[in-house]
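Read through the structure below, which is laid out as structure tokens, and then see the notes.
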């Protein structure tokens, strides 16, 4: 894995991004929504991304089913959060509502002073399946979004952006290969490059490595961390992998079981960056963080009451009530 990453290092470092601004970062923001202004009475200032009493209700033959209920969270600009919990707890539902791909039943999501309404290029999503156009090359798949968010750039500048991020994810020699001819790992690299190339305000990752084998998964985690280190984009990653959650995040947000799922606990991950899997395993605090996460997941493994609190909750964690305060 290390040799493979080093093999591309020299080629990647020769590419430089052009100094151009995407349309998603031009102009002044609109007036924040009323819900955000009311919440802004709090003395907290770091509110780049805020979830305000987010709720998702689906109609069923037996009546309304509340999947997510009262999800509230504030994120700083440049923060990386992992969202973890058992299957059916609403992790991907929260992510899809944030992406604008799923209607919000009540509450709101506010990004950089604007309430989210529908999908938009300022929020880039990396799905579990790469979702590429198989008849297009890797370069063409990334160019689709770049052409949309950099309409005032020259063709050469847009090409530089595409080539830069494809090189960063290790595809410098495969840019002109058809997506249909790429392996699953290479396809997901294209998906990562496509997301970062949009210069998004928010990066959303929905179990991006869930369909990959362990070795490819570990390698792409390193690739993701390397590219994120250079951009410092605000990011949320949904995952079932405890080690992945700790490796990627500044905070790990643990969700209770559904229905009526909400935030059960938030764990601060105070580990130095840049991180690698090897450094993570060697850090003396890693197993303490891992034990806290596994303890929470075990507590809710058999459908524990979302309001039940563990008597020995770790000192480095906060409950939903603490976070709201």
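Every number here is computed from the coordinates shown, using simple stated rules; none is lab data. Being a predicted model, the structure only gives us computed values, none of them experimental. Using ideal geometry, Cβ is built from the backbone for each residue, glycine included, and neighbour counts are taken over all protein chains shown.
Under the definition of Cα pairs under 8 Å and six or more residues apart, what whole-number percent is the relative contact order of region 190-239?
Value for region 190-239: 56 percent.
How many nm separate the modelled label positions at residue 183 and residue 20, each set 7 Å beyond the Cα in the direction of the Cβ?
3.3
Which order, highest average first, do 92-100, 131-139 follow once you tally other Cβ atoms within 10 Å for each residue and take the mean per peptide?
The most tightly packed comes first, giving 92-100, 131-139.
Where a ≥ b ≥ c are the square roots of the eigenvalues of the C-alpha gyration tensor, would you call region 167-248 rounded, which needs a/c under 1.5, or, failing that, prolate if a/b is larger than b/c, or oblate? Display every interim value, and only then the final one.
On the way: a/c = 1.83, a/b = 1.21, b/c = 1.51.
Because a/c hits 1.5 or more and a/b fails to exceed b/c, region 167-248 counts as oblate.
Nearest 0.05, what FRET efficiency do residue 106 and residue 62 give at R0 = 22 Å with Cβ-Cβ as r? If you can, show how the numbers build up before the last one.
Numbers: r = 20 Å, r/R0 = 0.93.
With R0 = 22 Å, the Cβ-Cβ based efficiency is 0.60.
Please give the peptides 50-56, 266-272, 247-253 ranked by average Cβ packing (other Cβ atoms within 10 Å per residue), highest first, as a rough proxy for protection. Show your work: numbers first, answer last.
Details: 50-56: 20.7, 266-272: 15.6, 247-253: 23.1.
Going by the mean number of other Cβ atoms within 10 Å, highest first, we get 247-253, 50-56, 266-272.
May I ask you to compute the full-extension gain from residue 291 to residue 279, defined as 0.36 nm times their residue separation minus their alpha-carbon distance, rounded to one decimal in nm?
Full extension of this stretch gives 2.5 nm more.
Among rounded, prolate and oblate, which fits region 224-303 when a ≥ b ≥ c are the square roots of the eigenvalues of its C-alpha gyration tensor, a/c under 1.5 means rounded, and a/b larger than b/c means prolate?
It comes out oblate by the Cα gyration axes.
Could you tell me the relative contact order of region 97-166? Use alpha-carbon pairs under 8 Å, at least six residues apart, and round to a whole percent.
The normalised contact order for region 97-166 reaches 23 percent.
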